[in-house]
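Colleague: Structure in structure tokens, see below.
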Amino acid sequence: MRAIGIILAGGNSSKMGELSEKRAVCAMPIAGHYRSIDFALSNMSNSHIQTVGVITQYNAGSLNEHLSSSKWWDFGRKQGGMFIFTPTQTASNSRWYRGTADAIGQNLDFLKKCHEPYVIITSGDCVYKMDYNKLLEYHISKQADITVVCKDMPADVNTDRYGTIRMNEESRIDEFEEKPVVAKSNTVSCGIYVIRRRQLIELIEKAEAEERFDFVRDILVRYKDMKRIYGYKIKEYWSNIATVEDYYKTNMDFLKPEVRNYFFNEYPSIYTKVIDLPPAKYNVGVRVKNSLISSGCIINGTVEDSLVFKESFIGNNCYIKNSIILNDVYIGDNSHIENCIVESHGTIQANSYCKGEDKVQVVVENNERYVI
């Protein structure tokens, strides 16, 4: 493919609460087996993009461990590959990344050394499948300077936390608002962009010279009337996990047969780092209904409409409903967990009762409870 990829994976979302205290949002577990960043990496690999740069910063330990070998996404190659960029002190700079444009700007040598004419920029905290070749063909056919992937959201979804856009009949963007106080449109930016490599270098260098650091506000919004910026609207599944509620809903979507089939059975596949674990064990008398149970789990109680991630233990007479049990959780006997997210490596003592009433409840180890 005539493009390189950049995955922005360094941000932090305060709306993720305790879930992002241990890890970057892009490292959040998804669907029992994956991490959020797997979807962007798999899309890059399936679109035959050979060179990908992953820009990390916040709480990157878990994410870097997950990305320690690039072979799982077929980037272990002689030509190209996957490159991890973290903030680095140099003779001319000793700052953290101050925004998305600054994160690209501090790694501009990566872009300058590449030869592909186009760049695909995407966020690492979204769950979706996309053929970037079709996106690039659309970008070229429109003779666009920048193409923004967008999606119409349902009327009941609050779009105030997204970038909202309006397009004319030719799909050219004539209005772009980043996280408006009151959204005027239900068409949101998916955080996926196509731009010529040389033009990106020019815009980033200009933004740096003017002390501007945000790619959306200081490039997309600022240049929307000067550059040919087009929208590429998608209808397929797409979800952003920047809040606890969205993270919960995205995982619960995988309990729907059509979503599971789309991601797990339809070509192309989604790849992740493989960990060798035994299959889940269901002891005598268990009851499991409409749930995803991952490898290495031991189930003794009742699990309904829930996801249980790797190496978790559910004790005798437990009742788990509408919940997400993350990796390596121990739930003691006779416990009731409903409408909750139980953080990784947590221990829920026997005879515990945790139920989210109006909102999803996040439960961390030793039975401490936080309501989000």
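Colleague: Put 164, 347 in order of accessible area, largest first, 1.4 Å probe: what do you get?
Modeller: Listed by decreasing accessible area, they come as 347, 164.
Colleague: For 338, 258, what's the largest-to-smallest order of accessible area, 1.4 Å probe?
Modeller: Ranking 338, 258 by accessible area, largest first, yields 258, 338.
Colleague: Give the angle, between 0 and 90 degrees and rounded to the nearest 10, that separates the Cα long axis of helix 197-209 from the longest principal axis of the Cα atoms of the chain.
Modeller: Between the helix axis and the principal axis of the chain, the angle is about 90 degrees.
Colleague: Which entries in the list 112/151; 112/179; 151/184; 129/289 go over 22 Å, if you measure between the two C-alpha atoms of each?
Modeller: Flagged as over cut-off: 112/151; 112/179; 129/289.
Colleague: Cross-link list 22/113; 22/281; 256/359: which exceed 24 angstrom alpha carbon to alpha carbon?
Modeller: From 22/113; 22/281; 256/359, over 24 Å: 22/113; 22/281.
Colleague: Using alpha carbons only, how many degrees (0 to 90, rounded to 10) separate the axis of helix 132-141 from the longest principal axis of the chain?
Modeller: Value to nearest ten degrees: 30.
Colleague: Heavy-atom accessible area of residue 95 with all protein chains present, probe 1.4 Å, nearest 10 Å²?
Modeller: Approximately 120 Å² for this residue.
Colleague: Right, here's the next one. Counting just the Cα atoms, what span does the chain cover along each of its three principal axes? Round to the nearest Å and put the largest first.
Modeller: Taking max minus min along each principal axis of the Cα atoms, the chain gives 65, 46, 40 Å.
Colleague: Taking springs between alpha-carbon atoms closer than 10 angstrom, which of 285, 53, 332 fluctuates most in the Gaussian network model of the chain?
Modeller: 285
Colleague: A follow-up question, please. If I take R0 = 41 Å and measure r between the Cβ atoms of residue 357 and residue 94 in this structure, what FRET efficiency does the formula 1/(1 + (r/R0)^6) give, to the nearest 0.05?
Modeller: 0.30
Colleague: If you take the square roots of the eigenvalues of the alpha-carbon gyration tensor of segment 281-363 and sort them as a ≥ b ≥ c, do you get rounded (a/c under 1.5), prolate (a/b over b/c) or oblate?
Modeller: Note, shape of segment 281-363 comes out rounded.
Colleague: Starting from the residue with the highest accessible area, list 72, 96 in decreasing order, probe 1.4 Å.
Modeller: 96, 72
Colleague: Given R₀ = 22 Å, FRET efficiency for residue 305-residue 277 by Cβ-Cβ distance, to 0.05?
Modeller: 0.40
Colleague: Let me ask something else. Rounded, prolate or oblate: which fits segment 1-53 when a ≥ b ≥ c are the square roots of the eigenvalues of the alpha-carbon gyration tensor, with rounded for a/c under 1.5 and prolate only if a/b beats b/c?
Modeller: oblate
Colleague: Using protein chains only and a probe of 1.4 angstrom, how many square angstrom of residue 177 are accessible, to the nearest 10?
Modeller: Surface open to solvent at residue 177 totals about 50 Å².
Colleague: Given a 1.4 angstrom probe, what's the average accessible area per residue across the chain, in square angstrom?
Modeller: 45 Å²
Colleague: Oh, and also: Can you give the local net charge around residue 218? Use residues other than it whose beta-carbon is closer than 9 angstrom to its beta-carbon, Lys and Arg +1, Asp and Glu -1.
Modeller: Its environment carries a net charge of +1.
Colleague: Report the antiparallel proportion of the DSSP beta bridges in segment 221-368 as a percent, rounded to a multiple of 5.
Modeller: 0 percent
Colleague: Please label the shape of segment 138-231 as rounded, prolate or oblate, based on the square roots a ≥ b ≥ c of the eigenvalues of the alpha-carbon gyration tensor (a/c under 1.5 means rounded; beyond that, a/b larger than b/c means prolate, else oblate).
Modeller: In terms of gyration-tensor shape, oblate.
Colleague: Related question: Work through the residues other than residue 129 whose Cβ is under 10 Å from its Cβ and net out their charges, Lys, Arg +1 and Asp, Glu -1.
Modeller: Taking every Cβ under 10 Å from that of residue 129, the sum is -3.
Colleague: Each residue of segment 28-44 in order: what ³J(HN,Hα) in whole Hz does its phi give by Karplus 6.51 cos²θ - 1.76 cosθ + 1.60, θ = phi - 60°, with x for Gly and Pro?
Modeller: Taking θ as phi minus 60°, the curve returns 5, x, 9, 6, x, 9, 9, 10, 4, 5, 4, 6, 5, 5, 5, 4, 4 Hz for segment 28-44.
Colleague: When the accessible area of segment 125-196 is computed with all protein chains present and a 1.4 Å probe, what percentage of it is carbon and sulfur?
Modeller: Carbon-and-sulfur percentage of accessible area, whole number: 43.
Colleague: Name the most mobile residue of 287, 23, 172, meaning the one with the largest mean-square fluctuation, in a Gaussian network model of the chain with Cα contacts below 10 Å.
Modeller: Result for the chain, Cα springs under 10 Å: 287 fluctuates most.
Colleague: While we're on this one: Whenever you get a sec, compute what percent of the accessible area on segment 281-363 sits on carbon and sulfur atoms (1.4 Å probe).
Modeller: Reported share for carbon and sulfur atoms: 41 percent.
The values are calculated or read from the model by the stated rules, or taken from the named source; none is laboratory data. What you see is a predicted model, and the numbers here were worked out from it, not measured in a lab. Ideal geometry is used to build each Cβ from the backbone, glycine not excepted, and the neighbour counts take in all protein chains shown. For the accessible areas, the whole protein counts, side chains as well, though only heavy atoms, and no ligand, DNA or RNA atoms are used. Shrake-Rupley method; radii C 1.70, N 1.55, O 1.52, S 1.80 Å.
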